[in-house]
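Participant: Below you'll find the structure I mean.
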Amino acid sequence: MALHGLLTLPISQVVISAACTCPPVTVGQPSRAHFVYSSPSANRKLILSSCSNNNPYTVAGAMQEVAAGEEEHELKLLGTWRGPFALRVRLALNFKGLSYEYQEEDLANKSKLLLESNPVNKKVPVLIHNGVPICESLAILEYVDEVYRGIGPCLLPADPYQRARARFWAAYIDNKLVAPWWKMFVGKTNKEKDEGRKQTLAAVEMLEGALGECSKGKTFFGGDNVGYIDVVLGGMVAWMLGTKALCGVELLHATKTPLLLGWMESFGGLEPAKVVLPEVDRLVEFAKMKRAQRTLI
């Protein structure tokens, strides 16, 4: 069954597919899964419990069912089809094989649910879990990885140093790639756009080196499997590929960034990514229209 088919099934039926399973971080060690319940006596606050699984997950063609009697996990994501921050959350949910409801937001006419769920920033993405909202994409990724540890692949590695390094590069992507990219795209002056261009190119060069270091010669930042950095950067794939059409800047080169080019091809070809990553041409057309209108993208 294709992943997009799995995503329509309740989580009580499907939690793992062949497209999004991997062994525990350390083979042979028990994996640990966290399950979330809703209790009227607890005023619907989340009650977290965990259970160990002494049978390591393997990449198999079968699906694993949640034990009978467990409540269905209720996940709802508020986002936009093109936003890199919402995209990374959708990627994470897909790679972990989690069922969720998706609500597309109109940023020019934000829903009451969004405004009530994120009253501080009033921004997407917002993940609502059993009625409780979690805001900010990086916080959402870690929440999902922690609550559903043992279900699907672990995004963050078990080793504390490797985990800290993944968080460092995630913050780097947001601060040194995404932020200057937007400056390059919608800067008010040529000077501002040029500064954004230089900073973006420098960030891409740095990420090329980071991929070589983190992957240790494998395909992804996470090695053989997609990990935290892959998902964080994954939200920018279509934007990076569309940069030449949008900004007149070629970010990726076969000679300068061969690893990133290979990574994008491999990552974008995975089913959990294919079903959510926007088509580059559609994204470029939409972004140009919004830039001309000077409206929210």
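Nothing in this text is a laboratory measurement; each read-out follows from the coordinates by a stated rule. The structure displayed is predicted, hence computed values, not measured ones. Please note: Cβ atoms are built from the backbone with ideal geometry, for glycine as well, and neighbour counts cover all protein chains shown.
Participant: Quick check for you: which residues of the stretch 213-240 have the amide N under 15 Å from the point 7 Å beyond the Cα of GLU285 toward its beta carbon?
Facilitator: none
Participant: Under 5 Å between amide H atoms, partner at least 5 residues away or on a different chain: which partners does VAL126 have, H built in plane at 1.01 Å?
Facilitator: LEU78
Participant: Based on the Cβ-Cβ distance from ALA158 to LYS216, what FRET efficiency comes out when R0 is 22 Å, to the nearest 0.05?
Facilitator: Working: r = 16 Å, r/R0 = 0.73.
That gives a FRET efficiency of 0.85.
Participant: Residues with amide H under 5 Å of GLY223's amide H, sequence separation 5 or more or different chain, H placed in the peptide plane at 1.01 Å from N; which?
Facilitator: Result for GLY223 returns nothing.
Participant: Ok, one more. Expressed as a fraction of 2.2 N^0.38 Å, the rule-of-thumb size for a compact globular protein of N residues, what is the C-alpha radius of gyration of the stretch 81-166?
Facilitator: My calculation over the Cα atoms of the stretch 81-166 gives 1.15.
Participant: Which whole-angstrom value gives the distance between the alpha carbon centres of the stretch 244-292 and the stretch 224-243?
Facilitator: Rounded to whole Å, the Cα centres lie 9 Å apart.
Participant: Here's another thing I want to ask about it. Residues in the stretch 87-116 near a label at VAL275, defined as backbone nitrogen under 16 Å from the 7 Å Cα→Cβ point?
Facilitator: 87-103
Participant: Name the residue from GLY248, LEU261, GLY217 whose Cα lies farthest towards the positive end of the charge dipole of the stretch 160-293, charges +1 on Cβ of Lys and Arg and -1 on Cβ of Asp and Glu.
Facilitator: With unit charges placed on the Cβ atoms, the residue in question is GLY248.
Participant: Relative to the Cα centre, what is the charge dipole magnitude of the stretch 158-202, using +1 at the beta carbon of each Lys and Arg, -1 at the beta carbon of each Asp and Glu, and rounding to the nearest 20 debye? Let's see the in-between values first.
Facilitator: Working: 10 positive and 5 negative charges, 15 e Å.
Dipole size: approximately 80 debye.
Participant: Quick one: P(r) of the stretch 160-293 from all Cα-Cα pairs, 5 Å bins, percents rounded to integers, in order of increasing distance.
Facilitator: Pair shares across the bins are 2, 10, 20, 23, 21, 14, 7, 3, 1, 0.
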